[in-house]
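Structure first, commentary second.
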Amino acid sequence: MRRLQIGMWHQFTLNRWNDISNDFISGMEISKYLSKEAVEEVSRFCMNENLKFGVHGPILGTYGYTLPTLNSPDPEQYREALERIATEVKLAAECGADYILFHYPFYPTYQQPYVPYLKLPDSLNRYEYDQLSKSKFRDISERLFERLSELQQQYRQRIVLEHDFFGNYEDVFIQSFLNNPDIGLVIDTARLDIARRAFEGFDPYNFMETLASQVYLVHYSNVVYSDDTFKHHLPVLPEHDEDESYGDSHRYLEYLSDRNQEFHLTFEHNHELISKDQLFEEYERTARLLGLTSVSYRHL
């Protein structure tokens, strides 16, 4: 059965879990934990409470928040990224994670023309097309997905990829997933909206239509725009729905849920921006949209 999850990054505390979860929540997503023992504590708690947990790489905080450069055109950097992926997948499997997630492409890959929002990756944190050609990106993607499939089989550990900004390489990105249906896709509703506004020609609805069957997880949050910047990781509230300064996250979820009735969802937002009543109303609104109408379903 599909589930709603909350983020529990850096460390798990029972008080925090009790404070921001209710019976609509049946899982959590973790990242950057201090040690394998801390991840195993989460695993034991989830097993005892009939919950599931997934991992947003990096699984341990020793990496900082540096994601592996899975589309690096530098052979040595690419080799190191694959080695790190294998290490993290093995650890996730040993701890009983439902999935482990990485971003792809990472680094994001695009160049002008685009709307230059201040929070988009700068030139030192993305590849431009003269650094990574489309043919090279296609070759790297083919080898990457093949290796990820091997790791899934070797460790019996689900691996999912969250879309990052791919600029004019959308067709290669899509075909990589269509050619490898065993690799799940993670949709980020805020990033979908940023891409729609920043990159001319990108249609988030066509993108979801094409890949709907491969979506395993949705990262659900909203974004608000102001002049030349944006603020993301916002809770998705009803008052955002008709406000053009906010993203269309709720509409994206409606659209995708009509085409895929199985994906899970993580509330990837800053819950401290709203009251607990608003938070629990957001859980309930989302649960209704996804057909999770019973507040006691996680105990079934």
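The values are calculated or read from the model by the stated rules, or taken from the named source; none is laboratory data. Only a predicted model underlies this, so the values are computations on that prediction, with no experimental measurement involved. Note that we place each Cβ from the backbone using ideal geometry, even for glycine, and neighbour counts take in every protein chain shown. Remember, those area values only see protein heavy atoms, side chains included, never the ligands or the DNA or RNA. Shrake-Rupley method; radii C 1.70, N 1.55, O 1.52, S 1.80 Å.
Solvent-accessible surface of segment 3-290, taken per residue with a 1.4 Å probe and all protein chains present: 44 Å². Of the three principal axes defined by the Cα atoms of segment 165-277, the extents in descending order read 43, 31, 20 Å. Within segment 75-196, the ratio Rg/Rh, alpha carbon atoms throughout and Rh by Kirkwood, equals 0.97. Remark on segment 50-133: hydrodynamic radius 14.5 angstrom, per the Kirkwood mean of 1/r across alpha carbon pairs.
Under a cut-off of 16 Å between alpha-carbon atoms, report the aspartates and glutamates in cross-link reach of Lys136, not counting same-chain residues fewer than 8 places apart. Straight-line reach from Lys136, under 16 Å: Asp74, Glu76, Glu128, Glu146, Glu170, Asp171.
Looking at the chain alone, DSSP beta bridges between its own residues are antiparallel in about 15 percent of cases. Accessible surface of the chain, 1.4 Å probe: 47 percent of it comes from carbon and sulfur atoms. The Kirkwood hydrodynamic radius of segment 3-290, based on inverse pair distances between different Cα atoms, is 19.5 Å.
Roughly speaking, what is the stretch gain from Asn206 to Leu178, that is 0.36 nm per residue apart minus the C-alpha to C-alpha distance, in nm to one decimal?
Taking 0.36 nm per residue and subtracting the Cα distance, the gain is 8.6 nm.
Remark: the Lys119-Gln131 segment gains 2.2 nm on full extension, using 0.36 nm per residue and subtracting the alpha carbon distance. When peptides 209-220, 254-265 are sorted by average Cβ neighbour count within 10 Å, with the highest value leading, the order is 209-220, 254-265.
Straight-line reach only, C-alpha to C-alpha below 21 angstrom: list the lysines that Lys119 could link to, leaving out same-chain residues fewer than 8 apart. Straight-distance partners of Lys119: Lys231. Net charge in the neighbourhood of Pro204 (other residues with Cβ under 9 Å of its Cβ; Lys, Arg +1, Asp, Glu -1) is -2.
Which order do the peptides 75-85, 266-276 take when ranked by the mean count of other beta-carbon atoms within 10 Å per residue, highest first?
Most protected by this proxy first, the peptides run 266-276, 75-85.
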